[in-house]
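None of the figures in this text is laboratory data; all of them are computed from the coordinates on show. Remember, predicted model here, so these are calculated numbers, not experimental data. Heads up, the Cβs are rebuilt from the backbone with ideal geometry, glycines too, and the neighbour counts pull from every protein chain shown.
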Amino acid sequence: MTRQSDSGRRERVLIVGGGFGGLYAARRLSRDDRVDLTLVDRRNFHLFQPLLYQVATGALSPGEIAQPLRSIFRKRPNTTVLLGEAVALDPVRREVGMSDGGPISYDTLIVATGVRHSYFGHDEWAPNAPGLKSIDDATEIRRRILIAFEAAEREADPVRRAEWMTFVVVGGGPTGAELAGALGEIARDTLKRDFRSIDPTHAQIVLVEAMDRILPPYPKGRSASARRQLEHLGVTVRTGTKVVGIDDRSVHLDVEGVEERLPARTVLWAAGVQASSFARVVADATVAGTDRAGRIVVGPDLSIPGHPEIFVVGDVAAQAWRKDRPVPGVAQGAIQGGTYVAMTIGRRLAGEPTPPFRYSNRGEVAIIGRLSGVTDIPWLGPFGRQGGFIAWLLWLGIHLTYLIGFANRVVVVTRWAWSFVTHGRGSRLITGQPLLPPIQEPEPPATHAGAEASGTKAGTAPPATEAGPEPSLTDAGPEPPATDAGPVPPATEAEPEPQPTATALAPDPPV
């Protein structure tokens, strides 16, 4: 048990992880004079993960959704912030081993290390299908999205161009739906006038979900509304479809036992999670139970059975809620868990009884695109199930409320307002490696001029029902204009067959 305040020694509380659960526990404990608090994280900042997809799609910059941990606690003299990685646990000596070799002692330990991507036993897919859990992930996804359009602009071969212009999002949960909606906006709004050889509005965006509907935690009506809003943005939603393979040029799908190949150069993973590596260390050291995702099974007070001095909060904890589901792995679950554990520690120090943890579902909100989204907020009654503009407004307000740092709130509001007026995304920077796309058959610059002269987009395949382009009487010069696949053959040759479009290359969704 924890030491009481009259023992002549302050309680040493160690928190591993500066996400929502760890941060909210630390903020409450940092105001308690009976506690010496140490917060350890592999990053020196708290990340507001619900807005991470906006970094991945160029709407916000990384610094606008993150706050340095030291700056948050600089006015709390009882709080020490350390940059480090926890790799070992000795529950008998009450020590956490660090990767640099220096152990940290504790009286009470709070594990809040979160989760990482899960590829369901296919880790070989990771290089071709990055997930979205960190700023590094977000900037890598942003690079891949923008590189794809740049590659399509230069690639002359229509088949390879169609591969670059096809984007697949795997997983129909909130992250997947928001990513797909943002991609739809990028292609059909943000970039539509930025290129000369391609028409970004012809990009194919496919959202793949193994279950029979997207946003499974939401009521069926809200899921259907989200699907309609995504389809309005040009997103193809494919439910009841499993991913069985991913390579650098395609995704292999299983549709009712029939395998199908979907050509695509950009695949984004939003389908599954598993507990962090330190969670396995804690589970092994304490002989704690875990679920299929590796999350630690905790008791009613969020402590590990047999180890009341070790608490587990946030996504890494498997805590019963309803008969058919645990506490969801969302920000509000981590916030409530972290706050509860901090309160419990204070009650123990005061010798007071502690009630069990009770999760309060304050609702879920997902934004689909500009002026659209879906909500499921039970305590608001009928008003809590909204779609479209009202859902979008609720999403804005909720996220600004929980965003850490006043300066961040001001900057984000300003950026959102500017993007709303201009339809732009100001953080479309290609960083990381490689910076240049792997072009196999570069389109010559002369094709661009021909496209502008004829009023068409070079490299954009015509509809399958159209015949090949004919020379225009108004085109300057003796040469006829360029076709989609390159220069038009001499007039004496037979008329070229129409080139396949990106839509024709992508398989039709099941009826």
In a Debye calculation with equal point scatterers on the alpha-carbon sites of the stretch 12-78 and no solvent, what is log10 I(q)/I(0) at q = 0.12, 0.24 Å⁻¹?
-0.34, -1.00
Could you order peptides 384-397, 203-216 by the average number of other Cβ atoms within 10 Å of their residues, highest first?
203-216, 384-397
Over all directions, how big on average is the projection of the convex hull of the alpha-carbon atoms in the stretch 245-294, in square nanometres?
5.2 nm²
Counting only helical runs of four or more DSSP H residues, what would the 222 nm mean residue ellipticity of the chain come to if each run contributes -39,500 (n - 2.57) and the total is spread over all its residues?
-8500 deg cm²/dmol
Which lysines have a Cα lying under 25 Å from the Cα of LYS133, excluding residues fewer than 8 positions away in the same chain?
LYS242
Let me know the charge dipole size of the stretch 295-361 about its Cα centre in debye, to the nearest 20, where only the beta-carbon of Lys, Arg (+1) and Asp, Glu (-1) is charged.
200 debye
Leaving out same-chain residues fewer than 8 places away, which aspartates and glutamates sit with a Cα under 12 Å from that of LYS220?
ASP212, ASP376
For the stretch 307-442, what ratio Rg/Rh do Cα atoms give with a Kirkwood hydrodynamic radius?
1.11
If you take the alpha carbon radius of gyration of the stretch 365-411 and divide it by 2.2 N^0.38 Å, what ratio comes out, to two decimals?
1.22
Just order 330-336, 110-116 by mean Cβ neighbour count inside 10 Å, highest at the front, would you?
110-116, 330-336
If amide hydrogens are placed 1.01 Å from N in the peptide plane, which non-local residues have theirs closer than 5 Å to the one on GLY114?
ASP315, VAL316
The chain: angle of helix 135-154 to the longest principal axis, Cα-based, in degrees nearest 10
0 degrees
Report, to one decimal in Å, the Kirkwood hydrodynamic radius for the stretch 102-169 based on all distinct Cα pairs.
15.4 Å
Spread of Cα-to-Cα distances over 5 Å intervals beginning at zero, given as percent, for the stretch 111-226:
2, 10, 17, 20, 18, 16, 10, 4, 2, 0, 0
Rg and Dmax of the stretch 304-375, using alpha carbons, in Å: what are they?
15.4, 52
Give the peptides 54-60, 283-289, 226-232 in descending order of average Cβ contacts within 10 Å, highest first.
54-60, 226-232, 283-289
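Two decimals is fine: what's Rg over Rh for the chain, C-alpha atoms, Kirkwood radius as Rh?
1.05
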Net charge dipole size for the chain [Lys, Arg +1 and Asp, Glu -1 on Cβ; Debye, nearest 20]:
3060 debye
Taking the chain as the reference, fit the longest principal axis to its C-alpha atoms, fit the long axis of helix 277-286 to the helix C-alpha atoms, and give the angle between the two in degrees, 0 to 90, nearest 10.
30 degrees
Lysines within cross-link reach of LYS192: Cα-Cα under 26 Å, excluding same-chain residues under 8 positions apart?
LYS457
Starting from the Kirkwood radius over alpha-carbon pairs of the stretch 30-126, derive D by Stokes-Einstein at 25 °C in a medium of 0.890 mPa s and give it in µm² s⁻¹.
153 µm²/s
What angle do you read, to the nearest 10 degrees and between 0 and 90, between the alpha-carbon axis of helix 220-232 and the longest principal axis of the chain?
40 degrees
